[in-house]
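Take a look at the structure set out below.
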Amino acid sequence: MSIASYADLLREAAAQPQPQRLLFTFSQAGLPNDANHSEQRRFEERQGGTLTPVMCVDKPLQELSDIEALVTESQHTRTPWDIVFVSSMSEPVTQPAASKEVETALNKMVEAIKLGQVQMFLAFNRQGELLQFH
């Protein structure tokens, strides 16, 4: 699986044998109030800072088209974001279990992001470019 963009993600998800549901956690980049000069400089160079989850949503693959549509839809919430983290799960077979499974997965994503454990997710900017965290 070679994913370098949001468009690649959608293609790969569509190629999976089971229908996929994508889980999105939108986050804002920022600095803590007590950031020192070095932290501020690194943030300005896009090399540091904090990520705060501000909203999350799940979508079946058939409701997704491109990054522009995702950005446009997110603007209706009037909640600014810088980075979207994405995970996926196979569509649950039984519908009643689906909402509970999705809610649990989204909560785990939010908590992982708060702890800085983002390596298990794909991350994209508003242009659909894959981001790497070191």
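Each reported figure results from applying straightforward, stated rules to the coordinates on display, with no laboratory input. This structure is a prediction, so every number in the text was calculated from the model and none was measured. Backbone-built Cβ (ideal geometry, glycine too); neighbour counts: all protein chains shown.
Tabulated data
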{"read-out": "Cα-projected label distance for residue 55 with residue 126, points at 7 Å along beta-carbon direction, nm", "value": "1.3"}
{"read-out": "Most fluctuating residue given options 14, 35, 112, as computed from a GNM of the chain linking Cα atoms under 10 Å", "value": "35"}
{"read-out": "Segment 6-124: proportion of alpha-carbon pairs further apart than 21 angstrom, %", "value": "44"}
{"read-out": "Full-stretch length increase - residue 28, residue 71 - with 0.36 nm per residue and alpha-carbon distance subtracted", "value": "14.1 nm"}
{"read-out": "Length added when fully stretched, residue 12-residue 38, from 0.36 nm per residue minus Cα-Cα", "value": "5.4 nm"}
{"read-out": "Per-residue HN-Hα couplings for segment 32-43 [Karplus 6.51, -1.76, 1.60; θ = phi - 60°; Hz; x = Gly/Pro]", "value": "x, 4, 9, 4, 8, 4, 5, 5, 5, 4, 4, 5"}
{"read-out": "Burial order of peptide ranges 75-83, 117-125 (average beta-carbon count within 10 Å, highest first)", "value": "117-125, 75-83"}
{"read-out": "J(HN,Hα) series, segment 114-130, from Karplus relation 6.51 cos²θ - 1.76 cosθ + 1.60, nearest Hz, glycine and proline x", "value": "4, 8, x, 8, 9, 5, 8, 10, 7, 10, 10, 8, 5, 9, x, 7, 5"}
